Amino acid sequence: MTTRAQAAAEIIGARNPLGPIETAVVLGREFLAAADIGEQAVAIPYSDLPGFPEVEGGELLIGLVEGAPMLFLKGRSEFYDSGDPSLMSSPVETLTHLNVRALLSAGLAVSTNADLQPSSILGVTDHINFSGMNPLIGAPGLNFVNMNGAYDKRLLRRLKQASAGAGVTLHDGILMWFSGPSFETPAEVKMARLLGADALGMALAPEAILAKRFALPFAAVAVISDYATGFSGGNPSYDPSRASGLIALRRLLRAFQKVK
């Protein structure tokens, strides 16, 4: 455990008047507004927290959701921005010092499964790391991490219960992690389908690896933005304003706090 993560946890603890935090949520830039569900919110810029990445507008926010504190990491360091998949390591480790018991992560993905239409939400059950990169490369300590159960089944069941209560359909399936920022070629999409991927994304998998490294129960949801290139007429483009996905994600997070 690093002193930077300990120091960051002490700063957060000193500025948090809302009490112990059980659940934390990582939000990509497309979903920062999901943190607006937190009431009596306290915000801490990433720049105030040792070890946190330089992310434009990045901040940690703690707010009451359904009467219980929830922590939001507003902004992740995306691999396609930095070329370094390890930059979320200290934030994830910091959560363990705060005794967080569940880490959720949200991001965009494209679909390779006809049942996953655009605006669907996927509960990730496992991932295929096609990028060849790993956030634990070169990190101190023993990093031969067993990835069995990286996507916590208990948390996924809780998300499914929450989705039913929120009126949100939650699919489940396998995500393949590509580095981005370019979208996949038709040949890569065909390969991904043959290997069993239901969706392709540029995020989520690094955080799953880091969470497993720090023994933090983890679950991920991917909002489907498009069909993948060449699949079912897919011609994906980047649009940071996924309003329908944002509304559904807010409802899902609220309902998650109610389900224990």
Per-region count, region 14-25, residues out of contact with any Phe, Trp or Tyr (no Cβ under 8 Å at 6 or more places or on another chain) and of a type in the set (V, I, T): 1
Only one of (1) closer than 16 Å to S225 by Cβ; (2) crowded, with 19+ Cβ neighbours inside 10 Å fails for Y151. Which number is that? (1)
Inside region 1-36, can you point out the residues that are without any contact (Cβ under 8 Å) to a residue 40 or more places away in the chain and hydrophobic (A, V, I, L, M, F, W, C)? I11, A14, A35
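Confirm whether Y238 is touching a Gly at 6+ places or on another chain (Cβ under 8 Å), surrounded by fewer than 24 Cβ atoms within 10 Å (Cβ to Cβ) and farther than 24 Å from T23 by Cα.
It is false that Y238 is touching a Gly at 6+ places or on another chain (Cβ under 8 Å), surrounded by fewer than 24 Cβ atoms within 10 Å (Cβ to Cβ) and farther than 24 Å from T23 by Cα.
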Kindly indicate whether any position in region 39-58 is crowded, with 19+ Cβ neighbours inside 10 Å, of a type in the set (D, E) and either touching a Cys at 6+ places or on another chain (Cβ under 6 Å) or farther than 19 Å from L155 by Cα (or both). no
Counted residues in region 37-91 being in contact (Cβ under 8 Å) with a residue 40 or more places away in the chain and among the polar types (S, T, N, Q) come to 3
In region 76-110, the residues that are at positive phi and either crowded, with 24+ Cβ neighbours inside 10 Å or modelled with pLDDT of 95 or more (or both): N99
Selected residue (only one of E184, E188 is of a type in the set (D, E), touching a strand residue (DSSP E or B) at 6+ places or on another chain (Cβ under 7 Å) and modelled with pLDDT of 95 or more): E184
Options S119, S163; residue that is out of contact with any His (no Cβ under 6 Å at 6 or more places or on another chain) and either modelled with pLDDT under 95 or within 26 Å of A9 (Cα to Cα) (or both): S119
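The values are calculated or read from the model by the stated rules, or taken from the named source; none is laboratory data. Computed from a predicted model, the values in this text were never measured in an experiment. Note that we place each Cβ from the backbone using ideal geometry, even for glycine, and neighbour counts take in every protein chain shown.
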